[in-house]
1. Look at ARG185 and say whether it is under 19 Å from PRO86 (Cα atoms) and in a loop (DSSP other than H, G, I, E, B).
2. For a quick check of your reading of the model, give me the residue pairs whose first member lies in the range 155-168 and is closer than 17 Å to VAL193 by Cα, whose second is open to solvent by 40 Å² or more (accessible area, probe 1.4 Å) and assigned to a loop (DSSP other than H, G, I, E, B), with beta-carbon atoms closer than 7 Å and at least 6 apart or on different chains.
3. Would you check if there is a residue in the range 342-349 being open to solvent by less than 30 Å² (accessible area, probe 1.4 Å), among the β-branched types (Val, Ile, Thr) and modelled with pLDDT of 95 or more?
4. Step by step: first the residues of the range 282-323, then only those that are open to solvent by less than 20 Å² (accessible area, probe 1.4 Å) and part of a helix (DSSP H, G or I), then the one that is nearest to the ligand (Cβ to nearest atom). Which residue is that?
5. Step by step: first the residues of the range 324-334, then only those that are over 12 Å from the mean Cα position of the chain (by Cα) and open to solvent by 10 Å² or more (accessible area, probe 1.4 Å), then the one that is nearest to the ligand (Cβ to nearest atom). Which residue is that?
6. For the condition modelled with pLDDT of 95 or more, over 30 Å from ASP381 (Cα atoms) and among the aromatic types (Phe, Trp, Tyr), what is the one hit in PHE197, PHE190?
7. How about the range 34-77: which of its residues are touching a residue at least 24 places away in the same chain (Cβ under 8 Å), more than 16 Å from the ligand (Cβ to nearest atom), open to solvent by 10 Å² or more (accessible area, probe 1.4 Å) and aromatic (Phe, Trp, Tyr)?
8. Name the pairs: first residue in the range 262-273 and within 15 Å of ALA247 (Cβ to Cβ), second residue within 16 Å of the ligand (Cβ to nearest atom) and of a type in the set (D, E, K, R), Cβ to Cβ under 6 Å, at least 6 apart or on different chains?
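The values are calculated or read from the model by the stated rules, or taken from the named source; none is laboratory data. Predicted model only: the values in this text are computed from it and were never measured. Every residue, glycine as well, gets a Cβ built from its backbone with ideal geometry; the counts of neighbours run over all protein chains shown. For the accessible areas, the whole protein counts, side chains as well, though only heavy atoms, and no ligand, DNA or RNA atoms are used. Shrake-Rupley method; radii C 1.70, N 1.55, O 1.52, S 1.80 Å.
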Amino acid sequence: MEGIRILKGDIIYSKSQDELVTMKDGFLVTKKDTILGVYQVLPIEYSEGLVEDYTGKLIMPGFTDLHVHAPQYTFRGLGMNMELIPWLNTYTFPAEARYADIEYAKKVYPKFVEDLKNSPTTRAGIFATIHVESTEYLMDLLEESGVIAGVGKVNMDRNSPENLIEETEETLRNTRKWLSDIDGRYKRVFPIVTPRFIPSCTNETMEGLAEICRETGLSVQSHLSENQSEIAWVQELHPDTNCYAQAYDKYGMCGSGSKAIMAHCVYSDQRKEELEILKKNQVWVAHCPESNMNLASGVAPVKKMMREGIRIGIGTDVAAGSKLSLFTAMADAVKASKMRWVYVDKEEEPLTVAEVFYLATAGGGSFFGKVGRFEEGYEFDAVIIDDSRLSEDELSLYERLERLVYVPEESQIAAKYVRGENILLHK
Ligand SMILES: [Zn+2]
């Protein structure tokens, strides 16, 4: 029985995008950092395992925030009066430039990490800024928090303000310095190559980053087809391409050379070539519904992409999204899909709570390997939620999930396991 730990409670997880499992008074059996299985009746061979009794509480896989900008947390909820490009120039770039000063990073990054640790998120894909020292500091804090995260020092060497830009050689040199500084430093945090987006990276930088990816096998994260003027701008910068995704793909940085997360993909269905690249190269699309509403970008064709077999997860995209809660992001994804159904495409049915739950757990989790499901061999990430204040009436487990997604503020996280460790117990 060594290392066997059994969580007893009301279990919910997605077996696939079409199948949600709910089990009242079930048993989640784990061994160290791995899931062994979910049972309604505890098998006799586990009868002497250590039971943690969460009777009456919800036990769910951890949630993955597939796209979030840590340095932007300081202005969440502010400046939502613009579309993408003016918003970047007016609010985002001045805010990110401040991280050149490590003392500023030390003042503000701890709050982001603390709030992330106390949220339902167990895994995240995180953008830092162009600054090496502040990025390493953020990674140190994340490692200490117990959350598992891929973090990117951002690359920007054109079309950016004087105080938030590097020379081409400098941005590549700084990326290599960052990677060499942190080599072997972390167990839970890892680097991701992070060109901000095509307009802020020269061809030479893209080539240099592709070379780093080839040498190191690192993944890529970036932005794709978020806004119409951005797409038109990329077309001007790369007139040889048929779609935005090709501007990454020609460097092997859209899933063909290395694993890739592309945030948004709001207009990816307008070019057949782009959908094909996302599918063929098994890119993870990070759907960021609140951000796409706040910056009036649009609503991504999530249901269509799911049906095409494209990998999708959910991102909060703070600070274009205002909250770190994946529950809120899930509710926003459902609501946005209804507006898409009303105004854009009557053929594309709105998303259900079961589907967005799948995206936020198994969908995004798959970027990190066997993560986001309660199946044998998966990593033991779980969030235990006390939703007793939300259950005045007798509700089914699915109804409790629905209510939690819409009214998360009345619930509490009782425990949060990441790779087998309850990280809320750790200071
Ligand atoms: Zn973003």
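1. The answer is no for ARG185.
2. Every condition considered, the pairs that remain are MET156/ILE165; ASP157/ILE165; ASP157/GLU167.
3. no
4. Restricting to residues being open to solvent by less than 20 Å² (accessible area, probe 1.4 Å) and part of a helix (DSSP H, G or I), the top hit is SER291.
5. Result: ASP332.
6. Exactly one of PHE197, PHE190 is modelled with pLDDT of 95 or more, over 30 Å from ASP381 (Cα atoms) and among the aromatic types (Phe, Trp, Tyr), namely PHE197.
7. Scanning the range 34-77 gives TYR46, TYR54.
8. What qualifies is HIS264/GLU226.
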